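Written below as structure tokens is the structure these notes are about.
Read the figures in this text as sums done on the coordinates, not as results from a lab. Only a predicted model underlies this, so the values are computations on that prediction, with no experimental measurement involved. Note: ideal-geometry Cβ built from the backbone for every residue, glycine included; neighbour counts use all protein chains shown.
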Amino acid sequence: MKKIKVTYVLNTIFSGLIAVFISTFFAGGTVAENYTDETWVAPEFFVILPIWFLGFLLGLFIFKSKNPGMILFISILITWASIPLGVKLGFSLTT
């Protein structure tokens, strides 16, 4: 059980940092897109973070569950899948 909790915490830290970095990178836009003085040119890319947060919240059930392995698998799947899904959704919202 202790390994599952450690895995959940490490997954939360690493996937959360990467999700924040990627969402801010896409939301900030490139140099060619950011010809205004706005910080966030495309804020719709922050949609990555609520999807990631759902995976994080689901993972909290690990601490109360009788079968935490399956919940950990689904939590890892959602947190890491939130990045490409959020980018794809962000691009579809911009056009």
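Given the residues I13, I51, which is the only one that is more than 9 Å from the chain's Cα centre (by Cα) and not polar (S, T, N, Q)? Give the steps one after another, and end with the answer.
Working: I51 fails: more than 9 Å from the chain's Cα centre (by Cα).
Sole residue among the options that is more than 9 Å from the chain's Cα centre (by Cα) and not polar (S, T, N, Q): I13.
Does A27 satisfy the criteria of being closer than 28 Å to T7 by Cα and not β-branched (V, I, T)? Let's see the steps before the verdict.
Numbers: closer than 28 Å to T7 by Cα: no; not β-branched (V, I, T): yes.
Against the criterion (closer than 28 Å to T7 by Cα and not β-branched (V, I, T)), A27 does not qualify.
Tally time: how many residues in region 46-80 are within 12 Å of Y8 (Cα to Cα) and of a type in the set (F, W, Y)?
Total meeting the criteria: 4.
Given the criterion within 18 Å of F91 (Cα to Cα), out of contact with any Asp or Glu (no Cβ under 8 Å at 6 or more places or on another chain) and not hydrophobic (A, V, I, L, M, F, W, C), identify the matching residue among G29, G16, G59. Walk me through it before giving the result.
Details: G16 fails: within 18 Å of F91 (Cα to Cα); G59 fails: within 18 Å of F91 (Cα to Cα).
Testing whether each residue is within 18 Å of F91 (Cα to Cα), out of contact with any Asp or Glu (no Cβ under 8 Å at 6 or more places or on another chain) and not hydrophobic (A, V, I, L, M, F, W, C) leaves just G29.
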